[in-house]
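In what follows, a structure is listed as structure tokens, so that the remarks can point back to it.
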Amino acid sequence: MTAIAGTVRRGDAIAAAAVRMARATVANGLIVILGLLVSAALLALTGADVAAATRALVEGSVGSPEAIRQSLIQATPILIAGLGVSFALRAGLVNIGADGQLYMGALFAVIVAVYGPPLPWPIAPVAMLVAATVGGFLWGALPGWMRARLGMSEVITTLLLNFVAFWIVSWAVHDPLHDPMGGGYPWTPEVPAPARLPVIRVAGFFLPSGLLLGLVLAMAISFVLHRTHFGFGLRVIGDSPQAARWAGIDVSRLTIAALAISGALAGIAGAAELAGNQYRLSDFFSPGFGFTALVVALVGRATPSGTVAAALFFGALAAGGGSMERIAQVPASTGLVVQGTVIAILVASRSAAARSFSYRLRRRLVRPDVGAA
Amino acid sequence: MTIPHAPLPGEPQGAPVRDRAGGSAVAGCDRRSVPLLELRGITKTFGDVVADRDVDLTVAAGEIHALLGENGAGKTTLVRVLAGLTHADSGEIRWHGEPVHVGSPADAIRLGIGMMHQHDMLVSSLTVEENFELARPEPPLALGLADTRSRVTALTERYGVEVRPDARVDTLTVGQRQWLNLLRILDGRAIRLLILDEPTASLTQSEREDVFRTLRDLRAGGVAVILIVHKLSEVFEVCDRATVMRAGRVVATRPVSETSKEELAGLMVGHAVDTRLAGAPTAPHEVILTVSDLRTVGAERDLAGVSLEVHGGEIVGLAGVDGNGQRELGECLAGVRRPSAGTVTVRGADVTGCPPTELTSLGVARVPEDRHEHGLALGLRIWENVHLGRSGSRHLVRRGVMDTSRARRLAAELATRFDVRTQDLERPVGELSGGNQQKVILARELGDDADLVIAMNPTRGLDIAATQFVYEQLMAVRSRGGGVLLVSFDLDELLALCDRVLVMSGGRIVGEVPAAGADRTLIGMLMGGEHQQVSGEAVL
């Protein structure tokens, strides 16, 4: 069965890649379905009407054009921030600080939009996005630098910088950026109309332009990871920092770059949420977008396409969760239960035991020739 | 001085058994008494690699038995079988003449077999007494630290080790830690056979003498000791008998009083017929690599002034026992370790401390010792690994964008040329067999017709066919006028392939021997740290 590599045709390679991708999608889909089932069982234990809750969930997420619009709006920040977390994961870096980077991005964006000179559309939203990119970039580059130059774990630093970012924003919205006409809430004035990201109507459906931006970014990241020298280096580092060192890859520089870009994407997510949904920055701006982004990145196996799929799912879950609360009197936080269950199952499925089982299974069933040479 | 030791009824308690017959260990035993330990026909394989082949060994109570051999001769595997850490495929272990099953370390401990490993088994963040508590054969539910403390104190006083029981292990010196490893084995157990795997490798002279004094005390108490050593002088310092292994087999067992360093060195490296693969010496080419007085600071084994030259059209071997600076030298030459002093020049250009990418552009290929850790990114695709670190020099990148279709095509060509056997270059390289993984590395490093190859143990763990392939590739470099520096623990390999062999010991090069018609005993002596004695003969 052993063929020489040179004889492999390109078509075969693409077909094989498609099969691998389909297999990964099915595997993650199963994990998500299992998570939903476990969550349903937990709901039933609390005495809730599971059937009514499920109906409300489906109707509230995909039941009407308005429901779909809500789902997509919810999906936008977690998609873009999720892309950021995925990007760092590919370089072997765990960015738990997406929430803080998102807050910093939104802070920079709101300063430009509300306190900068008035700009016309489309310059205004672009200026906001650029400002958010800078804010997130810096807030990501900092832990990157600490990791590369000082050897501090990015898991700890990114996590703790969340609190720093949050309290900076909290102070800003209470004092210097506070809207005196805001009804007493700790928030900034609204982003002016020319700076907002519009919802585009396509064939009776509403598509938030922030989501389209996320899809474009997903494609761009895919290109960077797989077609550029920089992305190749990142993936080598993510796979084996030692091999990268032997190959002459500048591990420190790429580490800083990976976390900075990861932060920049989370910052863009903040601007997209600000200019596309909430319009005001407050200290209750993020209901944990950055952490949902982590879930999204993990379920999406850190690939851009997987992240898109996972973000759409969790966006729908967030939108449906709200209607579940209204209609079926089930707490919206059930959505968090689903998230947690999915993560637990995901981690279990990637444990050494599960991996060795599936490896043996695969060797036996799918590719008897691998490793035989 | 007495040693914790509980004699069994009828146990032989005589003087060390001195056997005269060299060839067969079993036949040479004192027939009046049953030896403490007898191994019969132990065979152990790992995949295609035979670590031990039909090994017989006899050890008597009250003797210190040296186990000698090159790296990879099968010594460590053999004692791991004895300690219950691995299982032999076939063969028998006899204990006081009775066949026993040593299925786990617990079985070994019950028999009274204790093993001190080559590597530190202490938990650094715990204190000395906590580490002793961990080592108890049957841990109680509650920690009995008060009791442990008194035992530790008693042990350290008895052996004259100055260590406080409540000191954290990471504050101790290497020597102190080594002592604790030993004391932990002796703690509270009736030890009858003590196995030490290179216990003195990282010790100072006085620490070494302390350890040897303890071993003699144990011997006087009737304990048998198996000592894996590399320094020939240590065999004559403490051992009663020496068994030499080579390529998984026992070559000979000799009473130390009836042998010599020269004989043991000769047995260790063998007297294989001249199996040179390399052709006739090529005409002297220009110098490609010059290393002069290279030194490092802070490595596991620092280089203490290494100088060498590699010419075009020759393969220069670097022999030596593992851990004598070969790895550090290779790392300096691969650009991943910065030397503290000295220079490296490639074709006259000073490349001391240059990053790997610069070396690549000068035509320096590196085959790292650790394929999995250093040579490959196992989760990345095969074709990507073929270009790892070389996508720039192969002009596959234009303005930061990689021409992936050209990269795939070139990788497919190289994979064919270097016989990488797989259907699909899109698979992660980690799924390939070891031999194919090494071919991927060769395709990457040698695919651009490298001028100079730094190959570190390139055939370790490979089967015969893959090994042969590596040899052919290295010889191809030589015949096209390139230079090769081949670091290897396998002397046969070095003598078969190289034009001359340098021997490394203690971070420096202690001798040079032409490979054709090489004096193996001389190389063995040099490797065994006997260079003062032979330096007059060696061509330095």
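Every number in this text was worked out from the coordinates using simple rules, so none of it is lab data. As the structure is a computational prediction, the values presented were derived from the model and not from experiment. Please note: Cβ atoms are built from the backbone with ideal geometry, for glycine as well, and neighbour counts cover all protein chains shown.
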DSSP-defined antiparallel bridges as percent of all bridges, the protein assembly as shown, nearest 5: 60 percent
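Helix-derived [θ] at 222 nm for the protein assembly as shown: sum -39500 (n - 2.57) over DSSP H runs of at least 4, divide by residue count, nearest 500? List each step's numbers first, then the result.
On the way: 31 runs with 425 residues, N = 913.
About -15000 deg cm²/dmol.
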Taking the Cα atoms of the range B:375-447, what is the range of coordinates along each of the three principal axes, in descending order and whole Å? 35, 22, 21
Farthest towards the positive end of the dipole of chain A, among A:SER351, A:GLN74, A:GLY263 and with Cβ unit charges of +1 on Lys and Arg and -1 on Asp and Glu, lies the Cα of A:SER351
To the nearest 10 degrees, how steep is helix A:289-299 against the longest Cα principal axis of chain A, on a 0 to 90 scale? 20 degrees
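Please work out whether chain A counts as rounded, prolate or oblate from its C-alpha gyration tensor, where a ≥ b ≥ c are the square roots of the eigenvalues and a/c under 1.5 means rounded, while otherwise a/b larger than b/c means prolate and anything else oblate?
It is oblate, given that a/c is not under 1.5 and a/b is not larger than b/c.
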Per-residue HN-Hα couplings for the range A:160-174 [Karplus 6.51, -1.76, 1.60; θ = phi - 60°; Hz; x = Gly/Pro]: 6, 5, 3, 5, 4, 4, 4, 6, 4, 5, 4, 4, 4, 7, 8
Would you work out which of A:GLN242, A:ALA293, A:SER86 lies farthest towards the positive end of the dipole of the range A:49-329, given +1 charges on the beta-carbon of Lys and Arg and -1 on that of Asp and Glu, about the Cα centre? A:GLN242
If eta is 1.567 mPa s and T is 4 °C, what Stokes-Einstein diffusion coefficient results for the range B:156-202, Kirkwood Rh from Cα pairs, in µm²/s? 110 µm²/s
Cα-based helix-to-principal-axis angle, B:205-220 vs chain B, degrees rounded to 10: 40 degrees
Treating cross-link reach as a plain straight distance, find the lysines whose alpha-carbon is under 23 Å from the alpha-carbon of B:LYS231, omitting any fewer than eight places away in the same chain. B:LYS75, B:LYS261
Taking one equal scatterer on every alpha-carbon of the range A:54-204, how large is log10 of I(q)/I(0) by Debye at q = 0.08, 0.18, 0.20, 0.21 1/Å? -0.30, -1.15, -1.22, -1.25
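Provide the FRET efficiency to the nearest 0.05 for the B:LEU85-A:LEU160 pair, computing r from the beta carbons and using R0 = 45 Å.
Values: r = 43 Å, r/R0 = 0.95.
Given R0 = 45 Å and the Cβ-Cβ separation, E is 0.60.
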Just check chain B against the gyration tensor rule for me: Cα atoms, a ≥ b ≥ c as the square roots of the eigenvalues, rounded for a/c under 1.5, and otherwise prolate or oblate depending on whether a/b exceeds b/c. prolate
List the aspartates and glutamates whose Cα lies under 17 Å from the Cα of B:LYS44, skipping any in the same chain that are fewer than 8 positions away. B:ASP52, B:ASP54, B:ASP56, B:ASP89, B:GLU92, B:ASP463
The range B:122-129 - phi-based ³J(HN,Hα) in whole Hz, Karplus 6.51/-1.76/1.60, Gly and Pro as x: 8, 8, 4, 7, 9, 7, 4, 5
Between the Cα axis of helix B:404-417 and the main Cα principal axis of chain B, the angle (0 to 90°, nearest 10) is 60 degrees
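Among the DSSP beta bridges whose two residues both lie in the range B:370-499, what percent are antiparallel, rounded to the nearest 5?
Numbers: 3 of 8 bridges.
Roughly 40 percent of the DSSP beta bridges within the range B:370-499 come out antiparallel.
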Amide H neighbours of B:ALA242 at under 5 Å, excluding residues fewer than 5 places away on the same chain, with H built from the backbone geometry, are B:ALA66, B:ARG254, B:VAL256
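Would you work out the Kirkwood radius for the range A:146-284? I mean one over the mean of 1/r across all pairs of different Cα atoms, in Å.
Numbers: mean 1/r = 0.0554 Å⁻¹.
Answer for the range A:146-284: a Kirkwood hydrodynamic radius of 18.0 Å.
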Can you list the HN-Hα couplings for the range A:274-282, worked out from phi with the Karplus curve (6.51, -1.76, 1.60; θ = phi - 60°), rounded to whole Hz and with x for Gly and Pro? 5, 8, x, 9, 8, 6, 10, 9, 9
Assuming R0 = 22 Å, what is the FRET efficiency of A:LEU30 and A:SER305, from their Cβ-Cβ distance, to the nearest 0.05? 0.80
Which residues' amide hydrogens lie under 5 Å from the amide hydrogen of A:LEU207, considering only partners 5 or more residues apart or on another chain, with H built in the peptide plane? A:ILE200, A:ARG201, A:VAL202
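Across all directions of projection, what mean area in square nanometres is found for the Cα convex hull of the protein assembly as shown? If you can, show how the numbers build up before the last one.
Numbers: hull surface 182.6 nm².
Result: a mean projected hull area of 45.6 nm².
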Largest fluctuation, A:THR303, A:THR158, A:THR228 only, Gaussian network model of chain A with Cα springs under 10 angstrom, belongs to A:THR228
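Suppose we keep just the DSSP beta bridges with both residues in chain B; what percent of those would be antiparallel, to 5? Walk me through the intermediate numbers first.
On the way: 45 of 80 bridges.
Taking every DSSP beta bridge with both residues in chain B, the antiparallel ones total about 55 percent.
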Nonlocal amide H pairs with B:VAL351, under 5 Å, H built at 1.01 Å: B:VAL344, B:THR345, B:VAL346
Find the centroid of the Cα atoms in the range A:31-76 and in the range B:349-398, then give the distance between the two in whole Å. 50 Å
